[in-house]
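The structure under discussion appears below in the form of structure tokens.
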Amino acid sequence: MATPSGSTSKRLVQYVIVRADLIHTLSWPLGAVITQACHAATAAIHLNYNDPDTQEYLGELDSMHKVVLQAPDEASLSTLSNTLSEKAIAHKLWMEQPENIPTCLALKPYPKDTVHPFLKKFKLFK
């Protein structure tokens, strides 16, 4: 059930971080990169389905909020994943198969203030 707009409820956001070099350096088609982001976002929701924030996020189906950011390359994405793991921030690092290369990651839905400090150096995906 959606939260009334005057509510003091926390704003839940699902962040997706995509490697920008897939498009700009490696010349992947845009559709293929979008597909990677969709896979990661779906997997993060699935893996954390019973989490209270995830359930609240899914309950607001018509007002879900996602933010797609860009990581410059594989190293920065892997470093972010390691940092998130160290800080117990639930996420899914998506690995393209059969190549087994990390393409993007998605966090489970979180209150923005909880995870923004880990993501503030990443720009919006362009």
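Taken together, the values in this text are just the output of simple stated rules run on the coordinates, not laboratory data. All values derive from a computational prediction rather than experimental measurement. No Cβ is skipped: glycine too gets one built from the backbone with ideal geometry, and neighbour counts run over all protein chains shown.
Below, the figures for the structure above:
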| quantity | calculated |
| --- | --- |
| Relative contact order of segment 52-118, pairs being alpha-carbon contacts under 8 Å that are 6 or more residues apart, as % | 29 percent |
| The chain - Rg over Rh from alpha carbon coordinates, Kirkwood radius | 0.98 |
| Dipole magnitude (debye, nearest 20) for segment 1-114, charges at Cβ of Lys, Arg, Asp, Glu | 220 debye |
| Virtual spin-label span in nm between Gln55 and Thr25, 7 Å along Cα→Cβ | 4.3 nm |
| Computed [θ] at 222 nm, deg cm²/dmol, the chain (DSSP H ≥ 4; -39,500 (n - 2.57); rounded to nearest 500) | -12000 deg cm²/dmol |
| Candidate lysines for bridging to Lys87, where Cα separation is under 26 Å - those fewer than 8 sequence places away on the same chain excluded | Lys10, Lys66, Lys108, Lys112, Lys120, Lys121, Lys123 |
| DSSP-defined beta bridges in the chain - what % are antiparallel, rounded to 5 | 70 percent |
| Shape call, segment 25-64: gyration tensor on alpha carbons, a/c limit 1.5 | prolate |
| Percent of C-alpha pairs per 10 Å bin, segment 28-91, short to long | 17, 45, 32, 6 |
| Gap separating the Cα centres of segment 66-115 and segment 33-55, nearest whole Å | 12 Å |
